[in-house]
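Below: one structure, written as C-alpha cells.
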There are 2 protein chains.
Amino acid sequence: MVSQPKRPTSQPIVLTSHPTRFGPKPDALEWGSANPTKRGPIVGTVTTPAHRNVIGTHSGSYAVYRALAIASGKLDANHRADLTNTSPAARIGPYPAWSDPDKIVSLDPFGAIVGEVYTKFYEKGYDIRPTIAITKAHINMPELQDAVSKGRLQEDGQIMKKGGDLVVTKAAIEPVWYLPGLAKRLSVDESILRRTLFEQTGGMFPELVTRPDLKIFLPPIGGMTVYIVGDPDAIADPQKSLTVRVHDECNGSDVFGSDICTCRPYLVHGIEECIRTAQAGGAGVIVYFRKEGRALGEVTKFLVYNARKRQAGGDRADAYFARTECVAGVQDMRFQELMPDVLHWLGITRIDRFISMSDMKHDAVTDSGIEIIERVPIPDELIPADARVEIEAKKAAGYYTKADVLTEEELAAIQGRGLE
Amino acid sequence: MVSQPKRPTSQPIVLTSHPTRFGPKPDALEWGSANPTKRGPIVGTVTTPAHRNVIGTHSGSYAVYRALAIASGKLDANHRADLTNTSPAARIGPYPAWSDPDKIVSLDPFGAIVGEVYTKFYEKGYDIRPTIAITKAHINMPELQDAVSKGRLQEDGQIMKKGGDLVVTKAAIEPVWYLPGLAKRLSVDESILRRTLFEQTGGMFPELVTRPDLKIFLPPIGGMTVYIVGDPDAIADPQKSLTVRVHDECNGSDVFGSDICTCRPYLVHGIEECIRTAQAGGAGVIVYFRKEGRALGEVTKFLVYNARKRQAGGDRADAYFARTECVAGVQDMRFQELMPDVLHWLGITRIDRFISMSDMKHDAVTDSGIEIIERVPIPDELIPADARVEIEAKKAAGYYTKADVLTEEELAAIQGRGLE
C-alpha cells in the first residue's frame with residue numbers, strides 16, 4: 001500500500017455551492033488596472049483555500065492528474081512550488097493593452113511576472129502560481145533544414161544557427177478567464193454564460209452560478225504556446241516588421257503529417273516566413289492554440305472524417321462543412337474572438353504579414369484593433385493532394401485567396417480519397 | 001446581438017450536490033461485463049439529464065468550448081449528433097480483456113461501437129455518444145521520407161506507398177474512468193480518490209463526493225490516439241510479431257523539434273520500427289497520450305527548463321529530476337498505471353519490440369499481464385546534443401539501456417546549453 005496523502009482528512013468536505021461556507025470574502029480584483037497590486041493577484045492554488053479568489057485551479061486539465069498524485073500519496077497536498085530561477089527568460093511588456101479591461105479577457109497579462117510584482121503577497125503567505133512561463137529554446141524541423149539546403153532560408157549564426165537550429169523565445173500560457181469580459185466579448189449576458197458553462201459541462205463548478213462575486217475562472221482546458229523568432233522587443237516596435245501565424249492544434253497533421261489537411265505545411269510555412277522577417281530586422285510570432293479539431297476534440301474529428309469519406313458521392317469540397325455540422329451541430333467551435341488576447345499581451349498593434357487564410361481569424365484580429373497589412377495564403381505546392389477538399393471548401397466559404405474561387409460545379413468535382 | 005440559445009431558461013438551476021434533486025436513479029452499469037447491454041451504455045450527454053449515468057460529460061476539455069457555443073447562441077443545446085456513416089473504419093475486438101473489470105478502467109471498450117450494440121437504447125431516445133472513433137489515414141513525415149531515401153525503409157505500395165505515404169488505421173479515445181477500478185489500480189480508497197479529485201481541482205463536480213452511486217467519471221482531460229501500422233487483426237494474433245511505442249505528448253519536440261529532449265526522434269524511430277514489423281507480416285502500434293510535460297502541463301515544464309538552465313553549475317544530468325521536483329513536488333505525474341488499458345483494448349498480450357527505455361512504462365505494461373520480449377532504446381545518433389542531459393539522467397535513474405550507466409562524476413559532467 002502506498003502512504004496516504006498528508007492532509008487533514010478529519011475536516012469536513014466543504015461543498016462550494018454556498019458562499020458562507022466557502023470562507024472569507026476573496027481579495028477584490030480590479031481587472032484591467034495597470035497597477036498589478038490594484039489589479040490583484042490571481043490566487044488559484046488549493047493549498048490555502050481562504051486566499052482563493054477564482055473558480056477552478058491551475059494547470060488547466062492537468063489539475064486532474066495533480067489530484068490523482070495527491071490521492072495516491074505521491075504528492076503532498078500542501079506542496080508549494082519552489083520558483084527559484086524560474087522567472088521569464090525574456091521580458092514581455094507591460095504594454096498599453098494590459099490596462100485595457102476589454103483587450104485582454106482570457107489570460108493574465110501579469111501571469112509571467114507574479115514573482116516580481118506580488119512580493120508583498122508572497123511575504124504574507126500567499127501561494128501565487130505563474131500562469132505564464134517564458135523560456136528559450138533551439139528548435140530544428142526537417143522542413144526548415146530542407147529550406148536551407150534549397151536556398152530558401154539562410155543560416156545566419158544568430159537567429160538560425162548551423163544545421164538549421166532556430167533560436168526562439170517561447171511562452172506557455174494558461175487560460176485565465178475574466179467572466180464579465182468574456183461575456184461582453186461573446187455578446188452574452190454574464191449570468192447566462194455562467195449558467196451555461198455550469199449546465200453544459202455536466203455540472204462542473206457550481207460556483208459559476210453560486211458565486212457571482214468570483215469573477216475569474218481557470219477553465220480545465222488547454223492554453224497556448226507562443227514562439228518568438230528574433231528580438232521580442234521588435235514585436236511591439238512599430239518601426240519593425242512583424243509576421244504572425246495563429247495556429248490551432250491538429251495533432252494528426254502537426255505531429256504525424258496526415259495528408260487530409262494543410263495544418264503542418266502551413267505551420268512550417270509560417271515559421272519560414274517568421275525567420276525571413278526576423279533576419280531582416282523584424283520579428284516573427286507563432287501562437288499554437290490547444291484547440292484540437294476546431295475545439296471539437298479528436299473523437300468528433302475522426303467521426304467527421306468517416307462521414308465525409310463515406311457519404312454519397314465521396315469526400316468532396318462542396319459537402320465539407322456540412323458533415324462537421326451534422327455531427328457537431330456547428331462547423332467550428334474555436335471562438336477566435338478570444339484569440340487576439342495573446343497578441344495584445346505581446347504588444348502587437350500591426351501585423352505586416354498574417355500567415356492565414358481564415359476569415360474568422362482575420363476578422364477577430366482586426367476587430368480587436370490590430371491592423372493587418374497583408375494576408376499570406378499557403379503556397380500551392382505545399383497542399384497535400386487529399387487536402388484539396390479542405391482548402392477549396394474553405395476558399396469557397398470566404399477564406400482569403402489570391403486565386404479564383406471555384407464554381408459550385410468545380411467544387412463538387414474536388415474529390416478526396418475514400419476510406420482506404 | 002446574437003440570438004440566445006434555444007433552451008428552457010425558465011427552468012430552475014439544478015445543483016448537482018443532492019441526489020434527490022438530480023432526477024431518477026441512473027441505469028445501473030455492470031463494469032467488465034462481456035455483454036454490452038448488461039454492462040450498460042455510458043450516457044454522458046446533457047441533452048437528456050434524466051438518462052445520464054456519469055459524472056462529467058463528453059469531449060474531455062472541449063465540453064467547455066461546447067458550453068461557450070451554446071451560451072453564445074451558436075449551438076442548440078438540444079443538438080444530437082447525426083452519426084450516419086461515422087462507424088469504425090476498422091474492427092477492433094471484442095477481446096477477452098474487455099470483460100475483465102480490472103484490465104480496463106480508464107476507457108470504454110465498447111466506446112467505438114455504441115451505434116451497433118445499443119440500438120435498443122437509441123430507439124428509446126437515449127443520446128449515446130461514441131467515446132472512441134476509428135478512421136483511416138495516410139501520413140507522411142519528412143524523417144520517414146529520409147529513411148526511404150537512405151534505404152532504411154522500403155516503399156511496398158501497400159503499407160508504405162510511393163513518396164513515403166504511410167497507410168494507418170487510427171483511433172481517438174476519450175477517457176472514461178470507472179472510479180472503483182481506478183481506485184483499486186492506484187491502491188487508494190475510492191472515497192479518498194473521489195474526495196481528493198473534488199477538493200484538489202478546486203471543487204470540480206461535487207457529484208464526485210455526493211453521488212457514490214455514479215461510478216463513471218468523464219474527466220475533462222485529453223485522451224489518446226492510437227496509430228496502427230499493418231493489419232489491425234495482427235495486433236492480437238500471437239502468431240504475428242508486434243512492435244509498440246506508448247508516447248506521451250511533448251508539443252515542443254513533437255511539433256517544433258526542440259533539441260532539449262528526445263521525444264520526436266524517439267517517436268519517429270518507433271514509427272520506423274512499426275513499419276518494418278508490419279512489412280514483415282506483423283503490426284505496429286503507436287499510442288499518443290495527451291500528457292504534456294509529464295502531465296504537469298507546459299507552464300510547469302517551461303518553469304523547470306529555466307530552473308535547470310540557471311542553477312549553479314548549469315543544466316546537468318545529476319540535477320535533472322531535482323529541478324522538476326522543486327517546482328512540481330513530484331518528478332512525474334503521468335500515472336503509467338492507467339496506460340496499459342488501451343493495449344488491452346487492442347487485445348495485446350505480448351509485445352515483441354517495446355520502443356521505450358522508461359522503467360515506469362515497462363513495469364506498468366508487464367504488471368498488467370502483457371509480456372514484453374525486447375526493449376528498444378533510442379539509437380544514439382538520434383539524440384540531440386542538448387538532450388544528453390535528459391537521457392543520461394534517465395539512464396542513471398534506472399531507465400533501460402544497453403550501454404553503461406554513467407558514474408556520479410560522469411553524470412555531473414554532462415552539461416546542457418544555458419538560456420541562450
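The values are calculated or read from the model by the stated rules, or taken from the named source; none is laboratory data. Computed from a prediction, not measured in an experiment: that's the story for all the values here. We place every Cβ from the backbone using ideal geometry, glycine too, and count neighbours over all the protein chains shown. Note: accessible area is taken over every heavy atom of the protein model, side chains too, but ligands, DNA and RNA are not part of it. Shrake-Rupley method; radii C 1.70, N 1.55, O 1.52, S 1.80 Å.
What residue, of A:Gly252, A:Gly230, is within 25 Å of A:Leu153 (Cα to Cα), in contact with a strand residue (DSSP E or B) (Cβ under 7 Å, 6 or more places away or on another chain) and either away from chain B (no Cβ under 11 Å) or open to solvent by less than 10 Å² (accessible area, probe 1.4 Å) (or both)? Can you show your working first?
Working: A:Gly252 fails: within 25 Å of A:Leu153 (Cα to Cα).
Residue meeting the stated conditions: A:Gly230.
Does A:Arg195 satisfy the condition of being facing another protein chain (nearest Cβ under 10 Å) and either open to solvent by 20 Å² or more (accessible area, probe 1.4 Å) or basic (Lys, Arg) (or both)?
On the way: facing another protein chain (nearest Cβ under 10 Å): yes; either open to solvent by 20 Å² or more (accessible area, probe 1.4 Å) or basic (Lys, Arg) (or both): yes.
Yes; evaluated as a whole, the condition is true for this residue.
Considering only residues that are part of a helix (DSSP H, G or I), of a type outside the set (Lys, Arg) and under 24 Å from B:Glu174 (Cβ atoms), which ones fall in the stretch B:275-298? So that I can check it myself, show each step before the final result.
Keep residues of the stretch B:275-298 that are part of a helix (DSSP H, G or I), which gives B:275-279, B:292-295, B:298.
Cutting the leftovers down to of a type outside the set (Lys, Arg) gives us B:275, B:277-279, B:292-293, B:295, B:298.
Selection gives B:Glu292, B:Gly293, B:Ala295, B:Glu298.
Determine whether the stretch B:351-368 contains at least one residue that is touching a residue at least 24 places away in the same chain (Cβ under 8 Å), within 19 Å of the chain's Cα centre (by Cα) and within 13 Å of chain A (Cβ to nearest Cβ).
Taking every residue of the stretch B:351-368 in turn, at least one turns out to be touching a residue at least 24 places away in the same chain (Cβ under 8 Å), within 19 Å of the chain's Cα centre (by Cα) and within 13 Å of chain A (Cβ to nearest Cβ).
Which of the helices (runs of 4 or more DSSP H) contained wholly in the stretch B:1-107 include at least 1 residues that are open to solvent by less than 10 Å² (accessible area, probe 1.4 Å) and either at pLDDT below 95 or not acidic (Asp, Glu) (or both)?
On the way: elements: B:19-22, B:36-39, B:63-71.
Correct list: B:36-39, B:63-71.
Just give me the residues in the stretch B:105-157 being out of contact with any strand residue (DSSP E or B) (no Cβ under 6 Å at 6 or more places or on another chain) and among the basic types (Lys, Arg), in sequence order.
B:Lys120, B:Lys124, B:Arg129, B:Lys150, B:Arg152
Against the definition (open to solvent by less than 40 Å² (accessible area, probe 1.4 Å) and at the interface with another protein chain (Cβ under 8 Å from one of its Cβ atoms)), how does A:Lys170 come out, yes or no? Write out each step before concluding.
Numbers: open to solvent by less than 40 Å² (accessible area, probe 1.4 Å): yes; at the interface with another protein chain (Cβ under 8 Å from one of its Cβ atoms): yes.
Against the criterion (open to solvent by less than 40 Å² (accessible area, probe 1.4 Å) and at the interface with another protein chain (Cβ under 8 Å from one of its Cβ atoms)), A:Lys170 qualifies.
For the stretch B:124-208, give me every one of the helices (runs of 4 or more DSSP H) that falls completely inside it and has 1 or more residues that are closer than 30 Å to A:Ile55 by Cα and over 19 Å from the mean Cα position of the chain (by Cα). Can you show your working first?
Working: elements: B:142-149, B:179-185, B:190-200.
Once the helices (runs of 4 or more DSSP H) in the stretch B:124-208 are filtered for at least 1 residues that are closer than 30 Å to A:Ile55 by Cα and over 19 Å from the mean Cα position of the chain (by Cα), what remains is B:179-185, B:190-200.
Among residues belonging to the stretch B:385-397 that are open to solvent by 30 Å² or more (accessible area, probe 1.4 Å) and of a type outside the set (D, E, K, R), point out the one that is farthest from the chain's Cα centre (by Cα).
Narrowing the stretch B:385-397 to residues open to solvent by 30 Å² or more (accessible area, probe 1.4 Å): B:385, B:388, B:394, B:396-397.
Narrowing further to those that are of a type outside the set (D, E, K, R): B:385, B:396-397.
Working: B:Ala385: 29, B:Ala396: 27, B:Ala397: 24 Å.
Among those residues, the one meeting the criterion is B:Ala385.
Any residue at all in the stretch A:113-135 that's on the phi > 0 side of the Ramachandran plot and either surrounded by 22 or more Cβ atoms within 10 Å (Cβ to Cβ) or more than 9 Å from every other protein chain (Cβ to nearest Cβ) (or both)? Steps first, please.
Residues of the stretch A:113-135 that are on the phi > 0 side of the Ramachandran plot, as a first pass: A:125.
Next, from what is left, pick out any that are either surrounded by 22 or more Cβ atoms within 10 Å (Cβ to Cβ) or more than 9 Å from every other protein chain (Cβ to nearest Cβ) (or both): A:125.
Among the residues of the stretch A:113-135, at least one is on the phi > 0 side of the Ramachandran plot and either surrounded by 22 or more Cβ atoms within 10 Å (Cβ to Cβ) or more than 9 Å from every other protein chain (Cβ to nearest Cβ) (or both), which makes the answer yes.
Output the residue which, of all residues in the stretch B:311-322 that are more than 24 Å from A:Tyr62 (Cβ to Cβ) and part of a helix (DSSP H, G or I), is least open to solvent (accessible area, probe 1.4 Å).
Within the stretch B:311-322, the match that is least open to solvent (accessible area, probe 1.4 Å) is B:Ala317.
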